[in-house]
Amino acid sequence: MDPVAGGIVKEELLEQPQDGAPRPMEGLHEAGPPPFLTKTYDLVEDPSTDQVLSWSRAGNSFVVWDPHVFAEVLLPRLFKHSNFSSFVRQLNTYLDGQDTGRSTYRNQIVLF
């Protein structure tokens with residue numbers, strides 16, 4: 001296949017909207033929250049998971065009420081593992097170096 005058509009490089013053809021509709025490549029390089037944080041936020045925000053984890057009363061952290069169900073049922077839905085410790089370890093990579101006021105409560109994870 002010829003990479004040049006009428007002086008337009010193939011990549012330019014991909015970037016030009018034909019009908020004004022968004023192109024799949026649009027927004028690909030835009031900055032946004034990491035997928036891990038987005039998935040975690042969505043999980044905490046979902047009212048159907050409130051028996052297992054929910055926002056704290058202050059709304060600046062979330063509490064894992066049932067770590068066993070969280071690890072065995074919820075984690076595998078969004079992540080490639082079911083290990084609570086691995087989840088906390090990964091979350092800590094986003095919290096390190098920040099003054100988070102981390103809770104001394106075992107299952108409460110302070111985010112903001």
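The values are calculated or read from the model by the stated rules, or taken from the named source; none is laboratory data. Quantities reported herein were computed from a predicted structural model and do not represent experimental measurements. Cβ sites come from the backbone with ideal geometry, for glycine too, and all protein chains shown count toward neighbours. Accessible surface is based on the protein model in full, side chains and every heavy atom, while ligands, DNA and RNA are left aside. Shrake-Rupley method; radii C 1.70, N 1.55, O 1.52, S 1.80 Å.
Scan the stretch 42-50 and tell me whether some residue there is among the polar types (S, T, N, Q), open to solvent by less than 90 Å² (accessible area, probe 1.4 Å) and closer than 17 Å to N92 by Cβ. Among the residues of the stretch 42-50, not one is among the polar types (S, T, N, Q), open to solvent by less than 90 Å² (accessible area, probe 1.4 Å) and closer than 17 Å to N92 by Cβ, which makes the answer no. Cβ separations smaller than 7 Å between residues 6+ apart or across chains give the following pairs from the stretch 79-97 residues that are farther than 12 Å from F36 by Cα to residues that are among the hydrophobic types (A, V, I, L, M, F, W, C) and modelled with pLDDT of 90 or more: H81/L75; S82/A71; S82/L75; N83/A71; F84/F70; F84/A71. Apart from one condition, H68 fits all of (1) at pLDDT 90 or above; (2) open to solvent by 50 Å² or more (accessible area, probe 1.4 Å); (3) touching a helix residue (DSSP H, G or I) at 6+ places or on another chain (Cβ under 7 Å); the exception is (3). Here R23 clears all of (1) modelled with pLDDT under 85; (2) exposed (fewer than 10 other Cβ atoms within 10 Å of the Cβ) except the condition numbered (2). Just a yes or no: is a residue in the stretch 79-94 modelled with pLDDT of 65 or more and among the charged types (D, E, K, R)? Taking every residue of the stretch 79-94 in turn, at least one turns out to be modelled with pLDDT of 65 or more and among the charged types (D, E, K, R).
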